[in-house]
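Below: the structure, in structure tokens.
The values are calculated or read from the model by the stated rules, or taken from the named source; none is laboratory data. Since this is a predicted model, take the numbers as computed values, not measurements. Positions of Cβ are backbone-derived with ideal geometry, glycine not excepted, and every protein chain shown enters the neighbour counts.
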């Protein structure tokens, strides 16, 4: 799959068809490199990865700890990307709230980690805490 042809549908298809989570992460990492300097687009692709992973475990049941660690680290990377332009966070708030809501029934402290990361980000950038 060529990264320049990456789309939401292809990421979902790839995420669901490949048993190795690391390969899906690699697609996101490579796409972020190609989009260097385009903060909103990089944040979009990273948050989308977390959304797909959260939806996946919501549909198919609780996953293993490394899965949640991967989602959490990508979410952290999403927030780190937005540190360059914190004013963009507001445009992602609704989606972050959905991830937070869906993650209530998930294990390994996933929702707690999302909550803490958002709280810290908002405090650092003097933003309203949305959760």
Checklist entry - Out of (1) exposed (fewer than 14 other Cβ atoms within 10 Å of the Cβ); (2) in a helix (DSSP H, G or I), what's the single condition that is false for residue 100? => result (1)
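So that you can scan it fast, the table gives a plain yes or no per residue for (1) over 26 Å from residue 122 (Cα atoms); (2) out of contact with any helix residue (DSSP H, G or I) (no Cβ under 6 Å at 6 or more places or on another chain); (3) free of Cβ contacts under 8 Å to residues at least 24 places away in the same chain:
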| site | (1), (2), (3) |
| --- | --- |
| 28 | no, no, no |
| 37 | no, yes, yes |
| 42 | no, no, no |
| 77 | no, no, no |
| 81 | no, no, no |
| 89 | no, no, no |
| 94 | no, yes, yes |
| 107 | no, yes, no |
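Output the residues belonging to segment 103-131 that are surrounded by fewer than 17 Cβ atoms within 10 Å (Cβ to Cβ) and assigned to a helix (DSSP H, G or I). So that I can check it myself, show each step before the final result.
First pass over segment 103-131, keeping only residues surrounded by fewer than 17 Cβ atoms within 10 Å (Cβ to Cβ): 104-105, 107, 109, 112, 115-116, 119-120, 123-131.
Of everything in segment 103-131, those that are surrounded by fewer than 17 Cβ atoms within 10 Å (Cβ to Cβ) and assigned to a helix (DSSP H, G or I) turn out to be 104, 105, 112, 115, 116, 119, 120, 123, 124.
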Item to check | Any chance residue 87 is modelled with pLDDT of 90 or more, part of a helix (DSSP H, G or I), loosely packed, with under 14 Cβ neighbours inside 10 Å and more than 13 Å from the chain's Cα centre (by Cα) | outcome: yes
